[in-house]
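What follows is one structure encoded as structure tokens, with my remarks underneath.
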Amino acid sequence: MTTTSAIRLSGVNKHYTHFQLNDVDLRLEKGHIMGFIGPNGAGKSTTMRIIMGLIGADSGHVEVLGHRVPDEQVAAKWNIGFASEDMRLYKAATVGWHMNFMKSIYPSWDDDYALALLSRFDIPADLRVKGLSHGQRVKAGLLLALARRPQILLLDEPTTGLDPVARTEVLNELIDVVADEDRAVLFSSHNTRDVEQISDQITFLDRGRIIDSRDKETFLDSWRRIRFEAPANFDMPELANVTSSQLNGRLATVTTGSFGPEITETLTNHGAVIQSVDNMTLEEIFVSEVMSSRDGGAA
Amino acid sequence: MNTLTDVNQTRPAVIIRQLVLKDWYFVRFPMAAYLAIGIGAAILMSVPHQTAYLIGSILLLSVVVIVGIHLVFGTVTHERSQQTLPMIMSLPITFTQYSAAKLIANVGGFAIAWSVLLAVTVALILTRENLPLGLLPFAVIALTELFAAFVVILAVAMISESEAWTVVTMTILNIGISIFLNLIGSIEAIGTHMGGPTAVWNGTALLILGIEILIIVVAIAVTLAAQSRKKDFI
């Protein structure tokens, strides 16, 4: 029996005058949260809009829950909850009006869950959207996406501009969502801490290209920063899979994305005195990946 | 057995109806106010005084024009500029269905206001002695021209997705109203009967009316065709 991926992109291209999405391959299975990380202008929003059918790819294949997008976007969109940083609610209407509007469209709308979220997110249902704070507006948008109980959540920078408490509320809710194994979340952000907190898969995007995509534990386990003291006239040996190396006087740093004991052994054999082998945060890994990608490989 | 997906796929009509009701909800108060002003203007037209008639007719034409402007900006242009379009387009609809909903909301909304104003105008011409019956064809042509201009402005707003082009089209067509009315009045087959005791629906009047209706139909068809070919919606 074959299982259908939640989201599958292959060879997706989109060309704009000043930006190009290049040959994007992406696969997200049900029951997972994928963090989609990239600097501003990397192509995260463009990719998500293509998945939603809001913009059409120039070439490539997009499939959501087995439905081809954009041709079968209607069938796909019944099962997608979408919230994005640049998506606004109607200022003149109340949150309650928005809830009723969504309820009139989605038979899957869950009233009890919507009311629970309203209380949990501390959003007044009878207040017009223009009277809400930024955080309340963002959370109201998420409520509308969540309460229809979609199989896939596409969240484009959902935590941008939120205070730490609101961010935690939102992230906790997302963790609850994927407790249901049939659901999946694609979550874009340039805040790596948020992504690190909730995602089990990570995809890095830069300048319209996916530069790496793996499960989070593999990412964190495979990256190391090695600090060592180099002997006089130290000649840096050839090291496989090293993304950057710096020699500053006698102190040197090597960063690698596929750490193994052979790296420290090679350095020690060349007279280096290892001072520390440190784990890296997702943010440090991301920066290393981006810099390495922009340099065209290892420094 | 019907799956949820099967049920969902039968719901585009429900969604289109909800989108139309949504647009009308946001313009309900100004539309009611314009309707009241329009009826007031029509009553003013019936006062047996040339100045009152002139003020009433200018006010009536202005209200119809403003209704159109408010509808197009309130439901089409602002949806894009205020970034509510991504939320709507994330609903399970195609862009053609979205466009159909916009056309129904706008043309329908305008038609309601327009029909009331047309009915009041016709009723006044038929019942008030100071208004000659010969004015009827001219009045119908003038109000239908406003309808055609509104649909063209709506089409430009939806197809171009540009506030600037919408304003340019609106300005040109609205400035053109007085020129058009003068032009129609100066046509002998129309102008000579305007002050007469009977409404003369001659070939010229019917031809002009037919062209106006054709413009409305073509503008709607072109809008739907253009929207269905678009690949990028936001």
task = Test A:Gly38 against the stated conditions and say whether it is buried (at least 22 other Cβ atoms within 10 Å of the Cβ) and not β-branched (Val, Ile, Thr).
result = yes
message = With the structure loaded, tell me whether A:Gly141 is in the same structural domain as A:Ala75 (by TED's automatic domain parsing) and at pLDDT below 95 or whether it fails that test.
response = yes
note = Of the candidates B:Glu145, B:Glu163, B:Glu129, the one satisfying the condition of being buried (at least 19 other Cβ atoms within 10 Å of the Cβ) and either over 24 Å from A:Ala93 (Cα atoms) or of a type in the set (D, E, K, R) (or both) is B:Glu145
note = Within the range A:54-81, the count of residues that are within 20 Å of the chain's Cα centre (by Cα), more than 9 Å from chain B (Cβ to nearest Cβ) and β-branched (Val, Ile, Thr) comes to 2
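Residue-wise test of (1) at pLDDT 85 or above; (2) touching a strand residue (DSSP E or B) at 6+ places or on another chain (Cβ under 8 Å); (3) not assigned by TED's automatic domain parsing to the domain that holds A:Ser199.
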residue	(1), (2), (3)
A:Ser244	no, yes, yes
A:Leu247	no, no, yes
A:Ala252	yes, yes, yes
A:Phe259	yes, yes, yes
A:Val287	yes, no, yes
ask   = Within the range A:93-130, can you find the residues that are surrounded by 14 or more Cβ atoms within 10 Å (Cβ to Cβ), within 14 Å of chain B (Cβ to nearest Cβ) and not in a helix (DSSP H, G or I)?
value = A:Ala93, A:Thr94, A:Tyr106, A:Ser108, A:Trp109, A:Asp110, A:Arg128
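Picking from B:Gly74, B:Gly68, which residue would you name as being touching a residue at least 40 places away in the same chain (Cβ under 8 Å), part of a helix (DSSP H, G or I) and over 30 Å from A:Gly81 (Cα atoms)?
B:Gly68
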ask   = Within the bounds of the range B:58-77, is there any residue that is of a type in the set (Val, Ile, Thr), closer than 27 Å to A:Ile152 by Cβ and surrounded by fewer than 19 Cβ atoms within 10 Å (Cβ to Cβ)?
value = no
ask   = Is it fair to say B:Ile112 is part of a helix (DSSP H, G or I), more than 14 Å from every other protein chain (Cβ to nearest Cβ) and crowded, with 20+ Cβ neighbours inside 10 Å?
value = no
query = From B:Ala100, B:Ala41, which residue is under 25 Å from A:Trp97 (Cβ atoms), assigned to a helix (DSSP H, G or I) and more than 12 Å from every other protein chain (Cβ to nearest Cβ)?
reply = B:Ala100
request  = Consider A:Val165 carefully, then state whether it is within 24 Å of A:Asn100 (Cα to Cα), among the hydrophobic types (A, V, I, L, M, F, W, C) and surrounded by fewer than 21 Cβ atoms within 10 Å (Cβ to Cβ).
outcome  = no
message = I'd like to check something: does the range B:13-22 contain any residue that is assigned to a helix (DSSP H, G or I), more than 14 Å from chain A (Cβ to nearest Cβ) and at pLDDT 85 or above?
response = no
request  = Among the residues of the range A:214-241, write down those that are buried (at least 18 other Cβ atoms within 10 Å of the Cβ) and under 27 Å from A:Lys44 (Cα atoms).
outcome  = A:Lys216, A:Phe219, A:Trp223, A:Arg224
query = Given A:Phe228, A:Phe204, A:Phe187, A:Phe234, which one is among the hydrophobic types (A, V, I, L, M, F, W, C) and modelled with pLDDT under 85?
reply = A:Phe234
message = Please pick out the residue among B:Val27, B:Val20 that is touching a His at 6+ places or on another chain (Cβ under 9 Å), closer than 30 Å to A:Leu142 by Cβ and touching a residue at least 40 places away in the same chain (Cβ under 8 Å).
response = B:Val27
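Matching residues to (1) part of a helix (DSSP H, G or I); (2) more than 13 Å from chain B (Cβ to nearest Cβ); (3) in contact (Cβ under 8 Å) with a residue 24 or more places away in the chain:
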{"position": "A:Thr3", "(1), (2), (3)": "no, yes, yes"}
{"position": "A:Val12", "(1), (2), (3)": "no, yes, yes"}
{"position": "A:His18", "(1), (2), (3)": "no, yes, no"}
{"position": "A:Asn22", "(1), (2), (3)": "no, yes, yes"}
{"position": "A:Gly31", "(1), (2), (3)": "no, yes, yes"}
{"position": "A:Ala83", "(1), (2), (3)": "no, no, yes"}
{"position": "A:Lys91", "(1), (2), (3)": "no, no, yes"}
query = Considering the range A:193-202 alone, what residues qualify as being assigned to a loop (DSSP other than H, G, I, E, B) and either polar (S, T, N, Q) or under 15 Å from A:Glu283 (Cβ atoms) (or both)?
reply = A:Ser199
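Would you point out which residue out of B:Ile125, B:Ile88 is away from every other protein chain (no Cβ under 14 Å) and of a type in the set (A, V, I, L, M)? Can you show your working first?
Values: B:Ile88 fails: away from every other protein chain (no Cβ under 14 Å).
B:Ile125 is the lone residue from the list that is away from every other protein chain (no Cβ under 14 Å) and of a type in the set (A, V, I, L, M).
So for the range B:119-139 (the condition being in a helix (DSSP H, G or I) and either touching an Asp or Glu at 6+ places or on another chain (Cβ under 8 Å) or of a type in the set (D, E, K, R) (or both)), does at least one residue qualify?
no
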query = A:Leu26 is checked against (1) under 20 Å from B:Ile234 (Cβ atoms); (2) part of a strand (DSSP E or B); (3) not small (Gly, Ala, Ser) and fails just one. What number does that condition carry?
reply = (1)
inquiry  = For the structure I just gave you, tell me whether A:Gly135 is within 25 Å of the chain's Cα centre (by Cα), part of a loop (DSSP other than H, G, I, E, B), away from chain B (no Cβ under 12 Å) and small (Gly, Ala, Ser).
reply    = no
key: Single match in B:Val122, B:Val107, B:Val116 (criterion: at pLDDT 95 or above, touching a helix residue (DSSP H, G or I) at 6+ places or on another chain (Cβ under 8 Å) and among the β-branched types (Val, Ile, Thr))   = B:Val107
request  = Working only within the range A:147-192, note down all residues that are touching a helix residue (DSSP H, G or I) at 6+ places or on another chain (Cβ under 9 Å), assigned to a helix (DSSP H, G or I) and among the acidic types (Asp, Glu).
outcome  = A:Glu169, A:Glu173
request  = Find the residue count for the range B:182-234, including only residues that are crowded, with 17+ Cβ neighbours inside 10 Å, assigned to a helix (DSSP H, G or I) and within 14 Å of another protein chain (Cβ to nearest Cβ).
outcome  = 1
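The values are calculated or read from the model by the stated rules, or taken from the named source; none is laboratory data. Model, not experiment: these values are computed from the prediction. So basically every Cβ, Gly included, is an ideal-geometry build from the backbone, and we count neighbours across all protein chains shown.
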